[in-house]
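Coordinate-derived values only; no laboratory data. Only a predicted model underlies this, so the values are computations on that prediction, with no experimental measurement involved. Here the Cβ is made from the backbone with ideal geometry for all residues, glycine too, and neighbour counts use every protein chain on show.
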Amino acid sequence: MEKNKVEEYGADQIQILEGLQAVRKRPGMYIGSTSERGLHHLVYEIVDNAVDEALAGFCSSIFVTINKDGSVTVVDDGRGIPTGINHKAGIPAVEVVFTILHAGGKFGGGGYKVSGGLHGVGASVVNALSNWLVVEIRREGKVYEQRYERGNTMYPLREIGTCDPDDTGTKVTFYPDDTIFETTVFDYNTLRTRLRETAFLTKDLKITIRDEREEEIREDTFHYEGGIKEFVTYLNRSTTPLYDEVIYCEGEKDNVLVEVAMQHNDGYNDSAYSFVNNIITPEGGMHLSGFRSALTRTINNYAREHKILKEKDPALAGEDIREGLTAIISVKIEEPQFEGQTKQKLGNSEARSAVDAILSEQLVYFLEQNPRVAKTICDKSVLSQRAREAARKARNATRKTALESTALPGKLADCTDKDPKNCEIFIVEGDSAGGSAKTARSRATQAILPLRGKILNVEKAREDRIYGNEEIRAMITAFGTGIHEDFDINKLRYHKIIIMTDADVDGAHIATLMLTFLYRFMPQLIKQGFVYLATPPLYKIEKNKKVRYAYSDEELNSILVEIGRDGNNKIQRYKGLGEMDAEQLWETTMDPEKRILKKVMFNEDDASNIDAIFSTLMGDKVEPRREFIEENAKYVQNLDI
Ligand code: TSJ
């Protein structure tokens, strides 16, 4: 590989500079964006190189440190990047790695980065986008070092000492270019989530992450001998699994390495995460379709052969079998092709046939060896098939009246403007606040939908009950988009969906129930940025007839400093929306000129984590929920208990 690249690009220094210059000119083409997300990609690019060394069988642990000065260090215990002169380039191989932009495998299709590897060519991109970068190599008893600034070599590779010949490895430290990135502050939790995922996907590799920026040093180590098998156990940690075993298959076919792990829980979600070369593919692709067809076919065959399905019974649908299934599909492939608008969908058809063949063969075997598990899966699927049939009937029955009718819910006070771009809908907790909101609103563009009490927790209910729920039906018809396979974003009637609840624990719970519903049934609304949270004030401060509002404790403090802390201040703590009259509600929470809206965001990199957060918070296991809240409470301000 290394040789070919060098042949293509030669040793021409001018070309080297031009290459890295191109990266600095259009960073988005190489790392997606210069936002916080792009910033974190720099770390993944470096780590991926070390992971490659682990996949090659020469590295067992990786250490990632966020240093006091905000730079990041990645160390591995691999062989060390070769230091000998690369004859085509006339410079040491390590310098080639950091200064020559590697085309080919990784940067195909018109210069777009289409893959994360089978990895390991992004080091020069990171170098080009760093204020400075230092590499240290331990190899053959010697320690070497070289430094670069904004991609430029500062001095020839130099020997800085000796070491035990058995002590080998690569250490890279860099500080991102603050003139290129919107922020250069790394987030520990973001890196931790991704590194945990990488450890799950690379069996037996130990990854440690450490944050030395604060007085209180944080550190986590991830090491999973079971690989993706343990990943499934982790994802199911806040659910109740239907059987103890995690089903696991692995194999190789047509140069595609395949690993699949899965286990059902008693919930209703289909949570399959697919990866190519350790990179998540949010839109699936060939490997996921191979997984689905093998699973559907194999379970149906088993159910027929064992008379769980009678001759006259219809076949189980894929979605019946996947109800409550948590699965990881991981393939490793030489030249992945990515398709779709966001290049997140695997296009290689050999990946489909490889996953299909390996899973079919090994799953049949597993089912025969574990008849109790097989029976559980079949029974669960049959139950799901019946529930789905009941849901279909419920849906058909309510179609004309609710889900598909153009008749809007009675409780909705709609706006008069019909252009969705101008329109917003407030989902309001409680009839009384709903009443104030109706009086307060700007009729032309603001619609109000009051909901009574707590909405149904969709995490704990099957579809037929969900469709039967009045509050949920009201939202579906008001939004106009339909749900699931009927979902059509073009029919959305409001471009802002604003959840307005009390600023207390109950209000937060209701907002979470609402978000759970939207996330599970209409995730596109969140992904495309149509969902917002209103921010009602926490305090009203009155002094000499002059009224101010504070939306946080800090703001209250700064207002009090400004107007003076004395006996003339009247401070009122708002407990709920109902304590405000219509005028106050308008002024503080609804008036587009003055209000604060929080946009609900969705990080694609974090899909498995978000799924887990919802099932942890809304599922029925208490212990993981308490742990989650305890762990996260320290990051939440204004927690009002
Ligand atoms: F990204 C990077 F280049 F900066 C980087 C590379 C960063 C880190 C943390 C590690 C690595 C890396 C590269 N670790 N291990 C390696 N291995 C090689 O480059 C290597 C070593 C030996 C041989 C050989 O054939 O002897 C070949 C290679 C590619």
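Below is a table of values for the structure above.
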quantity: Virtual spin-label span in nm between Glu159 and Glu554, 7 Å along Cα→Cβ; calculated: 5.4 nm
quantity: Tilt relative to the chain, helix 36-55 - C-alpha long axis, 0 to 90 degrees, to 10; calculated: 40 degrees
quantity: Positive-pole candidate from Gly19, Asn49, Thr193, dipole of the chain, charges at beta carbon; calculated: Thr193
quantity: Folded to 0 to 90 degrees: helix 607-618 orientation relative to the chain principal axis, Cα; calculated: 40 degrees
quantity: Ordering of 558-564, 513-519 by packing [mean C-beta count within 10 Å, highest first]; calculated: 513-519, 558-564
quantity: Label-zone membership for the range 179-201, site Glu214, 7 angstrom Cα→C-beta point, backbone N under 12 Å; calculated: 188-189
quantity: Charged-residue dipole, Cβ positions (Lys, Arg, Asp, Glu), the range 244-285 about Cα centre, Debye nearest 20; calculated: 160 debye
quantity: Stretch gain in nm, segment Ser353-Leu383, where the contour uses 0.36 nm per residue and the Cα spacing is subtracted; calculated: 7.8 nm
quantity: Subset of Lys421/Lys527; Lys88/Lys203; Lys203/Lys253; Lys540/Lys599 violating a 26 Å alpha-carbon distance limit; calculated: Lys88/Lys203
quantity: Proxy reagent accessibility, fewest Cβ within 10 Å first, across Arg304, Arg138; calculated: Arg304, Arg138
quantity: Relative contact order (%) - the chain, alpha-carbon pairs under 8 angstrom, separation at least six; calculated: 9 percent
quantity: Amide H partners (placed H, <5 Å) of Arg218, local residues excluded; calculated: Asp211
quantity: Straight-distance crosslink candidates among aspartates and glutamates, where the alpha carbon sits under 18 Å from Lys375 and sequence neighbours closer than 8 are dropped; calculated: Asp244, Glu245, Asp266, Glu305, Glu311, Asp313, Glu319, Asp320, Glu323
quantity: Segment Asn370-Lys393, extension gain: residue separation times 0.36 nm, minus the distance between their alpha carbons; calculated: 4.8 nm
quantity: Computed over the range 112-235: relative contact order in percent, which uses C-alpha pairs under 8 Å that are six or more apart; calculated: 18 percent
quantity: Dipole-positive endmost among Phe614, Thr481, Ser61 within the chain (Cβ charges, Cα centre); calculated: Thr481
quantity: Candidate lysines for bridging to Lys543, where Cα separation is under 21 Å - those fewer than 8 sequence places away on the same chain excluded; calculated: Lys570, Lys575, Lys594
quantity: Karplus-derived 3J(HN,Hα), 6.51/-1.76/1.60, for each residue of the range 171-186, Hz, glycine and proline x; calculated: 10, 10, 10, 9, 10, x, 6, 6, 8, 10, 8, 4, 9, 10, 9, 7
quantity: Degrees separating the helix 505-521 axis from the principal Cα axis of the chain, which is the longest one; calculated: 60 degrees
quantity: Under 30 Å from the Cα of Lys68 - lysines, other chains or at least 8 residues apart; calculated: Lys25, Lys142, Lys171, Lys206, Lys634
quantity: Span from the the range 47-84 Cα centroid across to the the range 506-559 one, whole angstrom; calculated: 43 Å
quantity: Placed amide H near Tyr539: partners under 5 Å, 5+ positions off or other chain; calculated: Ala550, Tyr574
quantity: Where a label projected 7 Å from the Cα of Ser293 along Cα→Cβ would reach, residues of the range 325-354 with amide N under 12 Å; calculated: 349-354
quantity: Net charge contributed by nearby residues that have their C-beta within less than 13 Å of Ala50 (K/R +1, D/E -1); calculated: -3
quantity: Order of His40, His509 under a 10 Å beta carbon neighbour criterion, fewest first; calculated: His509, His40
quantity: Added length on full extension, which subtracts the Cα-Cα distance from 0.36 nm per residue, Glu583 to Thr240; calculated: 118.7 nm
quantity: Residue order, fewest to most surrounding Cβ atoms within 10 angstrom, among Val47, Val232, Val505; calculated: Val505, Val47, Val232
quantity: Most positive-pole-ward Cα, Ala272, Gly290, Asn301, against dipole of the range 191-340 from beta carbon charges; calculated: Asn301
quantity: Net charge of Cβ neighbours under 11 Å - reference Gly70; Lys, Arg +1; Asp, Glu -1; calculated: -2
quantity: Check: the range 404-454 dipole with +1 on Lys, Arg Cβ and -1 on Asp, Glu Cβ, in debye; calculated: 140 debye
quantity: For the chain, calculated [θ]222 nm from helices alone, where every DSSP H run of n ≥ 4 adds -39500 (n - 2.57); calculated: -11500 deg cm²/dmol
quantity: Spacing of the two label points (7 Å from each Cα toward its C-beta) at Arg565 and Asn469, in nm; calculated: 4.5 nm
quantity: Environment charge at Asp417 (Cβ cut-off 15 Å; Lys +1, Arg +1, Asp -1, Glu -1); calculated: +3
